[in-house]
Amino acid sequence: MKSILNNRYEIIEEIGSGGMAYVYKARCNVLNRFVAIKVLKEEFTKDQDFIDKFKQESMSAARLNHKNIVNIYDTGVDEDIYFIVMELVTGRTLNEMIEEEYPIPVGRVLDISLQICEALEHAHSNGVVHRDIKPHNILINKHNLVKVADFGIARAVTNKTITNNDNTLGSVNYLSPEQARGGYVDEKSDIYSLGIVMYELLTGELPFKGDSPISIALKHVNERVMPPSLINKDVSPRVDEIVLKCTNNKSTMRYNSVSEVIEAIKKIYGKSALYSMHEEGLGSEEKNDAFNKFFDGEDENGKVENPVGKKRKVKARKNKPETDEEEAEEKEVVRGRFKYTLLAIIAALVVTGTVSVVALNMIKDYLTVKVVSVPDLIGLTEEAAEETVLSLGLKFSVKDEIYNSEYAEGLVINQNINEGQELREGFPIEVILSKGERLVKIPDLTHKYSNESIVILKKNDLAEGDVTYEFNDTVPWGLVIRQVPEAGNMVKEGTEVSYVLSKGPEVEYTLMPDLLGKHVDDVKNIILEKGFTVGEITYKPSDEVGMDLILYQSYPSGTEVEMGTAINLIVSSGVEIQIENPEDGGNDGQEGVNSGVSGSGELVVELPQDKNKVHLLIEKVLEDKRVIVYEKQVKTDLSPLTIKIEGFGVQKFEIFINSEYYGVKEINFGE
């Protein structure tokens, strides 16, 4: 191997090999980047037709530009070395991941499958069919990004002889029935191979096993893939449905496009897919024009003829023959079809060098032993299906029972061999029975938040229904008040559960009245009548507002205030009193009574203890009037309260607490 190709690509090391090429890590000296170079093996470089086709397909694949496709940068030839320059992906193959990590979580399988689908969707939209989808051709980089390799290259080797090796057997494991028969290959062949890859990711094994490529190819043509959930119980019926539809051996029964597969996978995440395991047949066989021309009939010795221009017409299997002659003719046609299919597989595999003497003897047995046509068992009871199978000389067994929404409990929903296939007597037929619709128990959502409820419903395979809101005095805002259906009921999978969320207590508002200047006792009644509560009341002296009248309210008049709100008030305690000191000789209007020596005295007041604060008023009693000497809101824990007062002679003082007369005291200021 040369160390530099085309004076540009410096070979660093070999990193792999396959059936048709060696793969090297290299450095592009022009763009200064690492690349992968696939170099064709020598046996492929001698055939110019192959080389031309290889170049054409490589250039077609080079047009693809997608994050999930290994990019092809260049193709070239250096002397007799033909090579492709590709994106270098640091990571591992999907095959290595299955071997190292199985079991793989179903969610990750769906994520990987979705990325493969997006690669195929891009290729198919550009007219490129892969033809060799298998884990060995799928890479996963260090960021878990899926990269599909070798687009279009498989077509270049279709008609080229390949030696019998592990790669041949590996490809047969993922081969579509039409590829096994050598028939027309289109996008649906990639969908079939994708389904086999998904099956292997979910179960860790292949759906069909055999001692030789021809035995495996026969199973792809004649047998159905069984649901992955039979091996991996974590696989849901919806995932089963996708795999089974992708791998239907009738291409007309598969998804019409990879876009439909993408939609089906995305619906699983949204819980909107309803499972339907059995797909009704179309009632007609897929015609293979290439092999109708090649194998058009038999002579009485069973030898294949090849008359030019003839086409063999086959009646639809569902159409019942009107006469015994027509029925005999149809059976002969079906038997002939089986032989043609088998011969087609032989033709497809002979070029690989995989047909042995043992395999040829096995084929001879298939062509000579008495065979019977497999009946349609779908929808029959177990007893009816068993009776039908045994009457034909075949063996009958129940593979498993699974939930199914389309068929009632006890009915057959799947059979391992397609209706109409020809089998030797004594061959086993396996069926899957329906357990009826799967019922799930409604969980209790009350006193849960909406986001919690969504997670709980999804976990229980239920869907969120209508969500409404209403006021509630006992359930806090945002929590579920009630649900329909109620918790504990058994319902079908996917049933919608509606629930009501609390908006908390209903809040009413009313206009705040004008309380300023009103008496505090009247204001208390007004506050209560309006639906508010009386808050904190404080007293403050005022020269402008009379005693016990409102100076301040915590909410201005005219504003909307939530009912039940506490309204705080400031009440006037009247004019602040300054204790007077009469001039010498003054007698405060008293003649004789208060004459004498001036002095100071103490007035001791016992305060009631049934309140925290009281309004204390002290008035000096004169002959013709009363003079306030003390007025204040005082704390009762100051009792007994001592008040110092200055005056002349003997004077009387009346005490009022909370506007009630409390008593009179006399002070002799001359003592």
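Rule-based calculations on the coordinates, nothing more; no lab input. All of these numbers come straight from a predicted model, not from anything done at the bench. Cβ sites come from the backbone with ideal geometry, for glycine too, and all protein chains shown count toward neighbours.
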In Hz, Karplus ³J(HN,Hα) per residue of the range 545-558 (6.51, -1.76, 1.60; θ = phi - 60°; x = Gly, Pro): 10, x, 4, 6, 9, 6, 8, 8, 10, 5, 10, x, 5, x
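Taking the Cβ of each residue in CYS28, CYS117 as the centre, tally the other Cβ atoms inside 10 Å and list the residues starting with the fewest.
Ascending number of Cβ neighbours within 10 Å: CYS28, CYS117.
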In this structure, the FRET efficiency calculated for LYS459 and LEU230 from their beta-carbon separation, with R0 = 25 Å, to the nearest 0.05, is 0.60
Each label sits 7 Å from Cα toward the beta-carbon; between GLU401 and ASN256 the label points are separated, in nm, by 3.8 nm
Scalar couplings 3J(HN,Hα) for the range 115-131 by Karplus 6.51 cos²θ - 1.76 cosθ + 1.60 (θ = phi - 60°), nearest whole Hz, x for Gly and Pro, are 5, 4, 4, 5, 5, 5, 4, 5, 5, 4, 5, 9, x, 10, 9, 6, 6
Quick one: which of 624-630, 226-232 comes out on top by average Cβ neighbours within 10 Å, and what's the full order, highest first? 226-232, 624-630
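At 0.36 nm per residue, minus the direct Cα-Cα distance, what do PHE656 and LYS67 gain on full extension? Give it in nm, one decimal, please. Intermediate values should be presented prior to the final figure.
Numbers: separation 589, 0.36 × 589 = 212.04 nm, distance 9.25 nm.
This chain segment gains 202.8 nm when fully extended.
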Using 1/(1 + (r/R0)^6) with R0 = 35 angstrom and r between the beta carbons of LEU145 and ALA384, what's the FRET efficiency to the nearest 0.05? 0.10
Give me the one-decimal nm value for the distance between modelled label points at GLU508 and GLU425, 7 Å along each residue's Cα-to-Cβ direction. 9.1 nm
Starting from 0.36 nm per residue, how many nanometres of slack lie between ASN32 and ASN6 once their C-alpha separation is accounted for? 7.9 nm
Going by the alpha-carbon gyration tensor, a ≥ b ≥ c the square roots of its eigenvalues, is the range 4-87 rounded (a/c under 1.5) or, if a/c is not under 1.5, prolate (a/b greater than b/c) versus oblate? oblate
Can you order the peptides 77-88, 481-492 by their average number of other Cβ atoms within 10 Å per residue, highest first? 77-88, 481-492
In nm, give the distance between the simple-model label positions of VAL491 and GLU452, each being 7 Å from the Cα along the Cα-to-Cβ direction. 2.0 nm
Enter the mean projected area of the convex hull around the alpha-carbon atoms of the range 598-668, in nm², rounded to one decimal. 4.5 nm²
So, in Å, what gap is there between the alpha-carbon centers of the range 370-390 and the range 112-126? 39 Å
What is the distance in Å between the Cα centres of the range 1-58 and the range 515-546? 96 Å
Using 1/(1 + (r/R0)^6) with R0 = 60 angstrom and r between the beta carbons of HIS519 and ARG438, what's the FRET efficiency to the nearest 0.05? 0.20
Under 5 Å, built H, 5+ apart or other chain: amide partners of ILE567: THR533, VAL534, GLY535
